[in-house]
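The values are calculated or read from the model by the stated rules, or taken from the named source; none is laboratory data. Given the structure is predicted, the values throughout are model-derived calculations rather than measurements. As a convention, Cβ positions derive from the backbone with ideal geometry for all residues, glycine included, and neighbour counts pool all protein chains shown.
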Amino acid sequence: MLRNKFVLGLMLAAMMAVLGLNVVAQADPLVIWADGERAPLLTELGAQFEAEFGIPVEVQQYGLGDARDQLLVAGPAGEGPDILVTAHDSVGQFVANGAILPLQLPDYLDGEFTDSSLNLFTYQGQVWGIPYAQENIALIRNVDLVPEAPKTWQEVRAISEQLKADGSAEFGFLVQSANTYHNFPITSAFGGYIFGLNEDGSFNLADVGLASEGGLAAAQYLSGLYVDGLMVPDVNDDVVFEKFASGDLAMFVTGPWFSTRIAETGINYSIDPLPGAEGGMEVGAPFAGGQGFVISAFSDKVVDAETFLYDFVATTEFMQAVFDQGGRPPAFVSVDTSADPNIAAYNAAGVTAIPMPAIPEMAAVWGASDAALSSISTGGDPIAAMNDAVTQVDTAIGLMSSTERIVVLPGAFQAAVGCAGDWDPACRTTELTLQEDGTYAGTFAIPAGSYEYKVAINLAWAENYGAEGAKDGANLVLELAADSEVTFVYDDATHLVTTTVK
């Protein structure tokens, strides 16, 4: 239907031109920033929008993170987009920087969105975006190896022990290592959390729940699996899919973005809600996430942008086209999802999902929590790891509201120079110190090898710089033919790093 409407719109425009009627158009297009997954489709749909409304559309491709960061820089200079596609957890940062506009949804859109997706884009009591997709992870199970879905994580361990003992599979369960997002359903099942809540429902930033009673119980559970050889470190998406497809893995967790990849394994699978924990929650809660469209506060085409969102994006035809492209459960209730039988299962697993906090302070959590999980996966003390993570989060949050600049080089050489692990923005062993000329410098003895690294500010990934001084840029590269003393000099004005090797 959408494609037919597009063709009809072009035919009508052509007829009006032949008859000498003026087609309303603008020379200055409505600029949309979209990620590589959505940009081609939006370009096609933008042509239809122009045919129907007489407003030209220009789609520019940016990664979700790049679009967020570039809006904060380019927007005030008048060089940003009018609309951008973004993840819901960027909303808090946008609002804090005055970068997006609140939306007043027309009455005719009441009931058109799922409550959960609209809640993701609601911040401080206002709606800030038009959601098009929502997502959460679930438990993926080889039905031939595990006929019944486990109810608790303790049962997952028992199944893992049995499968390993009888040689049915190498692993009963694996989770992506050092990955807070994929490990969170285990944390939440035992009663752990990221931030506590105040009476008004806002986040209590002084209550970081990684080292709460439930958070520590989850950390100890994970530690037991690693210590007993039931899980191994250095596991990523490719590892779990390879082992699942070969029959060497019975269960893992992932999201609907891999719906097709799951089916292509050829395994008799089931997608199930996440287990709870004895003495904890009845069902594990994954993070709920979503993607949608927001309007830049720096746009001079707000009326056109609202027309695009309210009268074009928020329609069954548009939302169906986005869903049909593949990927995630739709935010629009009237979209037909029958083409992907996994969607219903993911939605069922997401009933207990907890919205990922859409506040700037979440940037202080990821690196510290990931580092703690990495330590646990390699035999580190789970209690100490989580307590250290909370200390790092508290420090990073405090620095976010200060003028202090702590410059650290997180990267692949950190463990070699004394950090607990690599890629830890909170490890001050690789901290650079302020020099009289205003630069930051440090010298470290690094073994021969090829390394990648970045610059992180104030012990978190919220502000980081890479190649050519780009914010959130590509990793910097260090090549050492022999063991060396390497001096790094960072210029906080250009965000460039120079190195001297001896």
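Computed quantities for the displayed model
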| read-out | value |
| --- | --- |
| Residues within the range 56-80 that are in a helix (DSSP H, G or I), among the small types (Gly, Ala, Ser) and touching a Ser or Thr at 6+ places or on another chain (Cβ under 9 Å), tallied | 2 |
| Glu199 of a type outside the set (A, V, I, L, M, F, W, C) and more than 24 Å from the chain's Cα centre (by Cα) | yes |
| Leading residue by the ranking (farthest from Leu118 (Cα to Cα)) among those in the range 311-341 that are part of a helix (DSSP H, G or I) and not hydrophobic (A, V, I, L, M, F, W, C) | Asp324 |
| Set Glu161, Glu155, Glu213: member being closer than 25 Å to Ala420 by Cα and of a type in the set (D, E, K, R) | Glu213 |
| Residues satisfying the stated conditions in the range 191-209, i.e. part of a loop (DSSP other than H, G, I, E, B) and in contact with a strand residue (DSSP E or B) (Cβ under 9 Å, 6 or more places away or on another chain) | Tyr193, Ile194, Asn198 |
| Subset of the range 112-168 [of a type in the set (Asp, Glu) and within 20 Å of Ile186 (Cβ to Cβ)] | Glu135, Glu148, Glu155, Glu161 |
| Single residue of the range 272-295 satisfying the filter (part of a strand (DSSP E or B) and over 21 Å from the mean Cα position of the chain (by Cα)) that is nearest to Gln48 (Cα to Cα) | Asp272 |
| Every residue from the range 210-269 that is assigned to a strand (DSSP E or B) and either without any contact (Cβ under 8 Å) to a residue 40 or more places away in the chain or of a type in the set (S, T, N, Q) (or both) | Thr254 |
| Tally, over the range 64-111, of residues that are at pLDDT 90 or above, of a type in the set (S, T, N, Q) and buried (at least 16 other Cβ atoms within 10 Å of the Cβ) | 1 |
| Which listed residue is in contact with a Pro (Cβ under 7 Å, 6 or more places away or on another chain) and within 30 Å of Lys151 (Cβ to Cβ), from Ala285, Ala344 | Ala285 |
| Subset of the range 159-177 (residues that are over 30 Å from the mean Cα position of the chain (by Cα) and either closer than 18 Å to Val283 by Cβ or surrounded by 19 or more Cβ atoms within 10 Å (Cβ to Cβ) (or both)) | Ile159, Leu163, Ala169 |
| Members of the range 387-405 that are without any contact (Cβ under 8 Å) to a residue 60 or more places away in the chain and assigned to a loop (DSSP other than H, G, I, E, B) | Ser401, Ser402, Thr403, Glu404 |
| Whichever residue in the range 399-426 is within 12 Å of Leu459 (Cα to Cα) and at pLDDT 90 or above and, among such residues, is nearest to the chain's Cα centre (by Cα) | Pro410 |
| Qualifying residue in the range 318-338 (condition: out of contact with any Cys (no Cβ under 9 Å at 6 or more places or on another chain), of a type in the set (Lys, Arg) and within 27 Å of Asp234 (Cα to Cα)) | yes |
| Residue in the range 325-342 that is touching a residue at least 24 places away in the same chain (Cβ under 8 Å) and closer than 17 Å to Arg141 by Cα present | yes |
| Complete set of residues in the range 357-386 that are under 25 Å from Ser223 (Cβ atoms) and in a loop (DSSP other than H, G, I, E, B) | Thr378, Gly379, Gly380, Asp381 |
| Those residues of the range 143-177 which are among the charged types (D, E, K, R) and touching a residue at least 12 places away in the same chain (Cβ under 8 Å), in sequence order | Asp144, Lys151, Glu155, Arg157, Glu161, Lys164, Glu170 |
| The lone exception for Asn142 - which of (1) modelled with pLDDT under 95; (2) buried (at least 16 other Cβ atoms within 10 Å of the Cβ) it fails | (1) |
| Among the residues listed as Lys471, Lys502, Lys454, the single one being among the charged types (D, E, K, R), closer than 12 Å to Pro410 by Cα and not assigned by TED's automatic domain parsing to the domain that holds Leu71 | Lys454 |
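Residues are listed down the side, and each one gets a yes or a no for (1) among the hydroxyl-bearing types (Ser, Thr, Tyr); (2) under 17 Å from Leu480 (Cα atoms); (3) crowded, with 20+ Cβ neighbours inside 10 Å:
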{"position": "Asp424", "(1), (2), (3)": "no, no, yes"}
{"position": "Thr433", "(1), (2), (3)": "yes, no, no"}
{"position": "Tyr440", "(1), (2), (3)": "yes, no, yes"}
{"position": "Glu452", "(1), (2), (3)": "no, yes, no"}
{"position": "Leu459", "(1), (2), (3)": "no, no, yes"}
{"position": "Ala462", "(1), (2), (3)": "no, no, yes"}
{"position": "Gly466", "(1), (2), (3)": "no, no, no"}
{"position": "Gly469", "(1), (2), (3)": "no, no, no"}
